[in-house]
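Beneath this line is the structure, given in structure tokens, with notes to follow.
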Amino acid sequence: MKSLVVRAIILIASLGWTVSSYAANLGPTPEQQKKHLELFHKGQTLWPIYCNHCHNARNPAEFAPYQWDQIMMHMRTMENMPPEDEAAILEYLKTAR
Ligand code: HEC
């Protein structure tokens, strides 16, 4: 009898773990999606303004997301860009393609 109770507890606990780990892999939450869209639209507006300043604004599809990380580190320092504008432009460049 005791082992049945123990087994039931183990079964319920592992079911709970399975369900919660599945839920964790479902993708972005609505709040994360909202934040992404806000950043994306701000970046979309700022990208031509900042990047056309010194050369033609480069197409987001030209470079992979990890390359944009490196490129933006360089461009941000040359332009002395506020971090919140950089974050928005980076979100746009990495996800618009
Ligand atoms: C202050 C002037 C300036 C601004 C603003 C600027 N860039 Fe640049 N960018 C340069 C210069 C100069 C080079 C080439 C020399 C170098 O790499 O330092 C360059 C090179 C690049 C390159 C490399 C080109 C290649 O073919 O390898 C990319 C990509 C780029 N910029 C993207 C951007 C993006 C995106 C923005 C907007 C966020 C931006 N730049 C804003 C001056 C600027």
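Read-outs throughout are calculated quantities, based only on the coordinates presented, and are distinct from any laboratory measurement. Nothing here was measured: the structure is a model prediction, and the numbers come from that model. Note: ideal-geometry Cβ built from the backbone for every residue, glycine included; neighbour counts use all protein chains shown.
Here are the numbers for the structure shown:
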item	result
Qualifying lysines (Cα of each under 20 Å from Cα of residue 34; at least 8 residues distant if same chain)	42, 94
Overall form of the chain per C-alpha gyration tensor (a/c, 1.5; a/b vs b/c)	prolate
Distance between modelled label sites at residue 24 and residue 80, nm, 7 Å Cα→Cβ extension	4.5 nm
Euclidean distance of C-alpha centroids, the range 74-97 and the range 11-49, integer Å	21 Å
Assigned charges on the beta-carbon of Lys, Arg, Asp, Glu; the chain dipole about Cα centre (debye)	600 debye
Sequence-distant aspartates and glutamates (8 or more away, or on other chains) whose Cα lies within less than 17 Å of residue 35	84, 85, 86, 91
Theoretical gain in end-to-end length, residue 54 to residue 97 [0.36 nm per residue, Cα-Cα removed]	13.2 nm
